[in-house]
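Student: My structure is below; once you've seen it, I'll send some questions.
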């Protein structure tokens, strides 16, 4: 396999390999980048693909793809991503389509989401805003029910069961 613009294929023939300058179609669900467990980043992180964080990030994160925050990760950032899975610690506001806070996940901040899943054991302190155009159900007063006595009810005879004295 050659690097830095060479014309070669990887041994595994992975779909992410490029041949003759052609790049594969972008996939928003793929994790394309990883911030390792011994890495500390302070600043802005932007990208069009998916990102996995195992280390420490401070600043802002803005992705068009998915974000996976692993159990070893510590993130203090304002985050915008397509979908998020949180198993580590996050402090900051989050905007995403879908957020899942796993049982080891801890979040301090406000969420603006379309879908939220909080697993048992997870910690979440903040507010959730779901800006969908859904209206709550309209409650109406119950309509009075006029029941007619059935023929079985009309034919009932009351019998006194106490003995005569």
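Readers should treat all values here as calculations from the given coordinates under stated rules, not as data from a laboratory. Predicted model, so just to flag it, every value in this text is computed and none were measured. When we count neighbours, we look across all protein chains shown, and the Cβ atoms used for this are built from the backbone with ideal geometry, even at glycine.
Student: Can you give the FRET efficiency for residue 98 and residue 146, using 1/(1 + (r/R0)^6), R0 = 41 Å, r = Cβ-Cβ distance, to the nearest 0.05?
Tutor: Values: r = 49 Å, r/R0 = 1.19.
Step by step, r from the Cβ atoms, then E = 0.25.
Student: How do 67, 102, 139 rank when sorted from fewest to most other Cβ atoms within 10 Å of their own Cβ?
Tutor: Working: 67 27, 102 19, 139 6.
By the 10 Å Cβ count, ascending, the order reads 139, 102, 67.
Student: Need one number: nm distance between label points at residue 132 and residue 76, each 7 Å from Cα along Cα→Cβ, rounded to one decimal.
Tutor: For the pair residue 132/residue 76, the computed spacing is 3.5 nm.
Student: Still on this model: Report P(r) for the range 31-124: all Cα-Cα distances, bin width 5 Å, range 0 to the bin holding the largest distance, values in whole percent.
Tutor: That works out to 4, 15, 29, 31, 16, 5, 0, in percent per bin.
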